Amino acid sequence: MARKRRSIYDLYQMKEKGEKIAWLTSYDFPTAQFAQEAGMEMILVGDSLGMCVYGYDGTVPVTMEQCLVHCEAVRRGAPACFVVGDMPFGSYQSSDEQAVDNAVRFLKAADVDAVKLEGGVRVSSRIQAITDAGINVIGHIGLTPQSSGQLGGHKAQGRTAETAKLVVDDALAVQGAGARMLLVEGVPPEVTRYIWETLDIPVLSIGAGPHCDGQLLIVSDLIGQFQAFTPKFVKKYCNVAKVITDAMKEYVSEVKSGVFPDEDKYCYHMIHGEEDKFKKLMEK
Ligand code: KIV
């Protein structure tokens, strides 16, 4: 039976009832199917796909075209989840018009439910413009990977009183500009709690503690697939890298020893009686 697609109002109701929202990144069709089946309310097609799928060092090289292709696949895999398209670096930096045009592309090409973009005060006019175009925006503040060059790397933000105030200023700017939700990344739980208690919109965390309306993790971290590094806030729920590598090693060994493929188990034999006919035919 087809499941009803989750809307922004369903997520607002969850906040009202104090139910936590489970949010995960996905980049492809099968993983999106697994996420929906597991009960995920939201999926982010993050520009983290640059690192998790394409093997780039960071998210900066990711293009709109890459994001759209992966959003389309995820939408097909998880028709009932609230799917968020991540606006890649360069897709909203130039102007409000550029931001609206690219947000519209996410909806038209991939039928996403919202777009996410990084920044607070400095992108508030972009958030306002996309919202005015009738598109749900999710703000993303704190540790914003696209500007990690300016932040001096992937470093937690808001750990001093003064920088914490800057994070709060960003949160207020995001809400003030009309964003429907806020994602806080890499910020101390004390600061996230203050933001959560101050804002009206749902506040979600990735590496920003438990005091908020829900959590986001990167699927490649959660399943133990991403190998380059593991941030402190990541909990690995399994180790698929080992499962997959062990399976591949076994396959290599069975190919070399001839154990695979077993002729009776893994082959299509000729129809009864056809082998003799075949041999005669070949003798002619
Ligand atoms: O691209 C992504 O997965 C993200 C998370 C790091 C929040 O933006």
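The values are calculated or read from the model by the stated rules, or taken from the named source; none is laboratory data. As the structure is a computational prediction, the values presented were derived from the model and not from experiment. Using ideal geometry, Cβ is built from the backbone for each residue, glycine included, and neighbour counts are taken over all protein chains shown. Keep in mind that these areas ignore ligands, DNA and RNA; they rest on the heavy atoms of the full protein, side chains included. Shrake-Rupley method; radii C 1.70, N 1.55, O 1.52, S 1.80 Å.
A few comments on the model shown:
- Restricting the stretch 116-157 to residues that are in contact (Cβ under 8 Å) with a residue 40 or more places away in the chain, polar (S, T, N, Q) and under 17 Å from L183 (Cα atoms) leaves a set whose member that is farthest from the ligand (Cβ to nearest atom) is Q128.
- Scope the stretch 202-233; condition of a type in the set (A, V, I, L, M) and touching a residue at least 24 places away in the same chain (Cβ under 8 Å); matching residues: V203, L204, I206, A208, L216, L217, I218, V219, L222, A228
- Residue, nearest to A78 (Cα to Cα), within the stretch 27-61, restricted to residues that are within 10 Å of the ligand (Cβ to nearest atom) and polar (S, T, N, Q): S48
- Failed item, numbered, when D10 is tested on (1) assigned to a helix (DSSP H, G or I); (2) farther than 26 Å from S124 by Cα: (2)
- The set of residues in the stretch 168-185 that are in contact with a His (Cβ under 9 Å, 6 or more places away or on another chain) and assigned to a helix (DSSP H, G or I) contains only V174.
- Residue check, A109 in contact with a strand residue (DSSP E or B) (Cβ under 8 Å, 6 or more places away or on another chain), farther than 18 Å from L11 by Cβ and away from the ligand (no atom under 16 Å from the Cβ): no
- Of the numbered criteria (1) in contact (Cβ under 8 Å) with a residue 60 or more places away in the chain; (2) open to solvent by less than 70 Å² (accessible area, probe 1.4 Å), the one C71 fails is (1).
- The set of residues from the stretch 134-160 being more than 21 Å from the chain's Cα centre (by Cα) and under 21 Å from M42 (Cβ atoms) comprises just one member, G134.
- Among the conditions (1) within 30 Å of Q227 (Cα to Cα); (2) more than 15 Å from the ligand (Cβ to nearest atom); (3) more than 16 Å from the chain's Cα centre (by Cα); (4) not aromatic (F, W, Y), the only one that G90 does not satisfy is (2).
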